[in-house]
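The values are calculated or read from the model by the stated rules, or taken from the named source; none is laboratory data. Keep in mind the model is a prediction, meaning the values are calculated, not measured. Cβ atoms come from the backbone with ideal geometry, glycine included; neighbour counts cover every protein chain shown.
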Amino acid sequence: MNIKAYWKAQFKVTNALFLLFSLFLLTDCSQEKAGETARSGKMTMAVDRQLGDAAGNQIKMFTAYYPDTKITLLGSGSGKTVKHLLDRSARAALISGDPDAVEDSLFATMPQRLRREPVARDAIVCIVNRTSPISKLSLKELGALFAGKESSGVTALVTADDYRLLSMFAAATGIGKKEITARGCISEGELIKRVSSDRNAIGLLFRSSLDGVLNDRVGENEIRIIHIAKEEGSTPYPPTQQNIFEGLYPLVTTVYYVYYAGDALAAGFGSWLSTSGQKTFEKSSLAPYRAFQRTIILK
């Protein structure tokens, strides 16, 4: 898929979001049921697809404590997650990275306020074939490769429908979104397969996406993760959970929980994610947003 064609398609997605917002103003319908509480009831939560495993583990733990609750996941590409929230097919959402300008403007004008809480940390990672001579890059060098400014023979790859990743990568490396000349893959699995079979390929994806695909043993022994430095000459870091949490790795992203203010069950699950759920994030492909408080009893 041509990445320029994708940006044209994304313009259509933006227009669709405005249309959905207009319909919302006319209908203002809701899934919320009378009698629900912060610890009981049913709801659907939209998630960026790479966050599905982490979200599923959180739901499993939450419902183990509160068995009168049922939360159903609705996974999709990042271009559709907020759409599900706006058209009320979901009452909450888990998204990677900051909403873009269009989404922020819609959030600000909603008649029922949307709250956005940071709950975890993810990272954009760069992978190459295990035989590639590349072992480390600075942000500037990485941006140049994906903007086609280096005649190195490298084949740059991204997942075409993950516009939020592309936006965050462009902002972090200082290149324009439309400058990205990488080839678009239809899925993270395809991207990893292409990198695992091409010595000259280099790919971008979320760490949570990579972990999810590698759990299925796809290309596990054929790829390497590149260490990234914030500036040329500075120390490059791998995207370990600790480095992501401490902000040493330079391509860290924030995972947000977005929900309608006043929705008891959505707020209750959000409170869980921000407190007890932080421990669950420690055991996932994500890093927690804040350190989980542990109590040590001395005898």
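Exactly one of these conditions fails for VAL102: (1) in a strand (DSSP E or B); (2) of a type in the set (Val, Ile, Thr); (3) out of contact with any strand residue (DSSP E or B) (no Cβ under 9 Å at 6 or more places or on another chain). Give me its number.
(1)
Can you say whether SER132 is among the hydroxyl-bearing types (Ser, Thr, Tyr), more than 19 Å from the chain's Cα centre (by Cα) and modelled with pLDDT of 95 or more, as far as the supplied structure shows?
Values: among the hydroxyl-bearing types (Ser, Thr, Tyr): yes; more than 19 Å from the chain's Cα centre (by Cα): yes; modelled with pLDDT of 95 or more: no.
Taking the combined requirement at face value, the residue does not satisfy it.
Anything in the range 84-136 that is in the same structural domain as MET168 (by TED's automatic domain parsing) and free of Cβ contacts under 8 Å to residues at least 24 places away in the same chain? List them, or say none.
Passing the criteria: only PRO133.
Only residues that are over 12 Å from ILE192 (Cα atoms), modelled with pLDDT of 90 or more and either in contact with an Asp or Glu (Cβ under 7 Å, 6 or more places away or on another chain) or not hydrophobic (A, V, I, L, M, F, W, C) (or both): list them for the range 212-239, please.
Step one: of the range 212-239, the residues over 12 Å from ILE192 (Cα atoms) are 215, 226-239.
Subsequent filtering for residues that are modelled with pLDDT of 90 or more retains 226-239.
Once the filter is applied, which keeps residues that are over 12 Å from ILE192 (Cα atoms), modelled with pLDDT of 90 or more and either in contact with an Asp or Glu (Cβ under 7 Å, 6 or more places away or on another chain) or not hydrophobic (A, V, I, L, M, F, W, C) (or both), the range 212-239 yields HIS227, LYS230, GLU231, GLU232, GLY233, SER234, THR235, PRO236, TYR237, PRO238, PRO239.
From (1) in contact with a Pro (Cβ under 8 Å, 6 or more places away or on another chain); (2) under 21 Å from ASP53 (Cβ atoms), pick out the condition that doesn't hold for THR240.
Result: THR240 fails condition (1) only.
How many residues are in a loop (DSSP other than H, G, I, E, B) and either free of Cβ contacts under 8 Å to residues at least 40 places away in the same chain or over 15 Å from ARG164 (Cα atoms) (or both) if we restrict to the range 32-83?
Residues of the range 32-83 that are in a loop (DSSP other than H, G, I, E, B), as a first pass: 32-36, 38-39, 66-68, 77.
Next, only the ones that are either free of Cβ contacts under 8 Å to residues at least 40 places away in the same chain or over 15 Å from ARG164 (Cα atoms) (or both) stay: 32-36, 38-39, 66-68.
Residues in the range 32-83 being in a loop (DSSP other than H, G, I, E, B) and either free of Cβ contacts under 8 Å to residues at least 40 places away in the same chain or over 15 Å from ARG164 (Cα atoms) (or both): 10 in total.
So if I check each of ALA144, ALA93, which one is under 24 Å from ARG207 (Cβ atoms), in a strand (DSSP E or B) and among the aliphatic types (A, V, I, L, M)?
On the way: ALA144 fails: in a strand (DSSP E or B).
Answer to the check: ALA93.
Since ALA172 meets every condition but one in (1) farther than 23 Å from ALA101 by Cα; (2) touching a residue at least 60 places away in the same chain (Cβ under 8 Å), which condition does it not meet?
(1)
Restricting attention to the range 160-187, report how many residues are more than 23 Å from LYS230 (Cα to Cα), surrounded by 19 or more Cβ atoms within 10 Å (Cβ to Cβ) and modelled with pLDDT of 90 or more.
Count: 2.
Provide a single number: the residues in the range 97-156 that are under 20 Å from ARG194 (Cβ atoms), touching a Gly at 6+ places or on another chain (Cβ under 8 Å) and surrounded by fewer than 19 Cβ atoms within 10 Å (Cβ to Cβ).
0
Are any residues in the range 242-299 touching a helix residue (DSSP H, G or I) at 6+ places or on another chain (Cβ under 8 Å), modelled with pLDDT under 95, farther than 13 Å from VAL119 by Cβ and surrounded by fewer than 21 Cβ atoms within 10 Å (Cβ to Cβ), and if so, which ones?
Within the range 242-299, TYR260, ALA261, LYS283, ALA291 qualify.
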